[in-house]
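Encoded as structure tokens, the structure appears first; notes follow it.
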Amino acid sequence: MERKLKILITDDSQLLRKKLRAELEGLGCEVIEAENGKEAVMKDLQEKPDGIFLDIVMPEVGGIEALQAIREVNPEMPVIMLSSAGTPQKLMETLKMGALDFIQKPYTSEQIKKALAAIRKKAE
Amino acid sequence: MNSGYFAQYLLNEGKITQTDIFELLKNAAENKADTPITALRKGMLSAEQIASIKGDASGEGFLREAGKNGLLSAVQMEELRSAVRDEDLAFAQVLLDRKLITFAELADLFKAYDALEVSPIRTVVKKRALETGLEMEADRYAAFSELFIHSLKRFMDTTVVVNTCEPIHESAELSHIVSQRLLGGVSMVTGVYAKDEVFLEMARRYSHEDIQSVDALAVDCICEFLNVVNGLFAVDAARDDMEIDLDMPRVSENSVPEGNFQLVLVVDTGFGGFALVLAGDEFALRS
């Protein structure tokens, strides 16, 4: 039997967190949430998730800064950027910084399944 | 073939008036086109052939008669039976039912509609921008509005038209405005300004959640919708080597937006009207 993955969703949108939580729980994941980059970095340290979905445009600390901070502490952490700001420049910037993938909002269930498979591969 | 903007085309051409539009959109949202109109649109029958069919002029009865007269093949009849709902045709059906149009007129209008090289949304927004003296912004505002309306239809499942008129300045009471600034290659602020009942319906449709009042979740839904549309616009702009960053969305209650290079577009949908506000920089909010 596959191990239950613990996934951290980081997005300031309550709606996005609610929908993505339902999607991930439906795929058998345990889900924790953060509302901004600062909280994401803290939860990464405290909760030790298997993977992170990270938005870019967020209050206090944005996704790019959060990604940088997470990579410094935990270079192997699989991080999937999930943002509306999916320009090629942002894509390149975040992939260079070590993000595993970039999903442009609005996401599809298929994209989330693929991202989760990539996280699982890294986690195991 | 153009799709989804027939109502806008008719409004731009003055075939329908902005006074009628809300009622027509509402009816169209609840309707599906009947067989004759679908056959006309698919080029299976001409207006004259439709007129020649006597007796039952709808559904199975119409198909039976058309088949008997040798106007439709069995394959065509099956295709018509399984036709999915089409927004343009549903709207045309409402016009036919109200005797505002004939099959012959409709055939000509479909032909002209299909020959359009610029989307009717771009046409109306550009015209409104130029009338407002926004020559420099007209193309950009038109491009954004086209994407916005397309997204509105896609995520909120509604027929939409951009009104051709100047907005009527109403009281700001019981309303919300959500806006977001785009920075970098382009400096623009986009906003959705709606009375609470329409704002709430937009939130419900976008989220598919049973939201009962304009609460934090409802506001968040519209912020997220606008954020997604602006993100798609940024991706489009990147194809023209223009990098755009998005600021955090801003929310205000019971205010009227006032900005530089501001264009306020009245957007009518099957569930009500609201304003799409575009400006060159962050707009001030007047109570």
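If you go through the range B:1-29, how many residues are assigned to a helix (DSSP H, G or I) and either in contact (Cβ under 8 Å) with a residue 12 or more places away in the chain or surrounded by 23 or more Cβ atoms within 10 Å (Cβ to Cβ) (or both)?
15
So, in the range B:61-78, how many residues would count as being touching a residue at least 12 places away in the same chain (Cβ under 8 Å) and either touching a strand residue (DSSP E or B) at 6+ places or on another chain (Cβ under 8 Å) or part of a helix (DSSP H, G or I) (or both)?
Total meeting the criteria: 6.
Looking for whichever is of a type in the set (Phe, Trp, Tyr) and within 20 Å of B:Val214 (Cβ to Cβ) here; the options are B:Phe261, B:Phe283, B:Phe271, B:Phe233. Which one fits?
When all the criteria are applied, what remains is B:Phe271.
Buried (at least 23 other Cβ atoms within 10 Å of the Cβ), over 10 Å from the mean Cα position of the chain (by Cα) and not small (Gly, Ala, Ser): is that true of A:Met81 in this structure?
no
Farther than 28 Å from B:Gly184 by Cα, open to solvent by less than 70 Å² (accessible area, probe 1.4 Å) and away from every other protein chain (no Cβ under 14 Å), is that true of A:Leu116?
yes
Against the conditions (1) more than 10 Å from chain A (Cβ to nearest Cβ); (2) over 20 Å from B:Ser151 (Cα atoms), where does B:Val267 fall short? Just the number, please.
Of everything listed in (1) more than 10 Å from chain A (Cβ to nearest Cβ); (2) over 20 Å from B:Ser151 (Cα atoms), B:Val267 misses just condition (2).
Restricting attention to the range B:225-235, does a residue exist that is more than 9 Å from chain A (Cβ to nearest Cβ), more than 23 Å from B:Gly259 (Cα to Cα) and open to solvent by 10 Å² or more (accessible area, probe 1.4 Å)?
There is no residue in the range B:225-235 that is more than 9 Å from chain A (Cβ to nearest Cβ), more than 23 Å from B:Gly259 (Cα to Cα) and open to solvent by 10 Å² or more (accessible area, probe 1.4 Å).
Quick check on B:Glu135: is it at pLDDT 95 or above and over 20 Å from the mean Cα position of the chain (by Cα)?
The answer is yes for B:Glu135.
Just wondering, is there one or more residues in the range A:41-56 that are within 12 Å of another protein chain (Cβ to nearest Cβ), surrounded by fewer than 15 Cβ atoms within 10 Å (Cβ to Cβ) and touching a residue at least 24 places away in the same chain (Cβ under 8 Å)?
Within the range A:41-56, not a single residue is within 12 Å of another protein chain (Cβ to nearest Cβ), surrounded by fewer than 15 Cβ atoms within 10 Å (Cβ to Cβ) and touching a residue at least 24 places away in the same chain (Cβ under 8 Å).
Looking at this structure, is A:Glu2 modelled with pLDDT under 95 and either more than 14 Å from chain B (Cβ to nearest Cβ) or open to solvent by 10 Å² or more (accessible area, probe 1.4 Å) (or both)?
So A:Glu2 passes the test.
For the subset of the range B:258-273 comprising residues that are touching a strand residue (DSSP E or B) at 6+ places or on another chain (Cβ under 7 Å) and open to solvent by less than 10 Å² (accessible area, probe 1.4 Å), which member is farthest from B:Val192 (Cα to Cα)?
Top of the filtered list is B:Thr269.
Pairs, please: C-beta under 7 Å, at least 6 apart or cross-chain, first residue within 14 Å of chain B (Cβ to nearest Cβ) and in the range A:70-97, second of a type in the set (Ser, Thr, Tyr) and assigned to a loop (DSSP other than H, G, I, E, B)?
Partner pairs satisfying both residue conditions: A:Leu82/A:Tyr107.
Give just the number: which of (1) open to solvent by 10 Å² or more (accessible area, probe 1.4 Å); (2) under 20 Å from the mean Cα position of the chain (by Cα); (3) on the phi < 0 side of the Ramachandran plot does B:Arg239 not satisfy?
(2)
Looking at (1) part of a strand (DSSP E or B); (2) over 23 Å from B:Glu197 (Cβ atoms), can you tell me which one B:Val267 breaks?
Among (1) part of a strand (DSSP E or B); (2) over 23 Å from B:Glu197 (Cβ atoms), the lone unmet condition for B:Val267 is (2).
The values are calculated or read from the model by the stated rules, or taken from the named source; none is laboratory data. As the structure is a computational prediction, the values presented were derived from the model and not from experiment. Methodologically, a virtual Cβ is constructed for each residue, glycine included, from the backbone with ideal geometry; neighbour enumeration extends over all protein chains shown. Just so you know, the surface numbers come from the protein's heavy atoms only, side chains and all, with ligands and any DNA or RNA stripped out. Shrake-Rupley method; radii C 1.70, N 1.55, O 1.52, S 1.80 Å.
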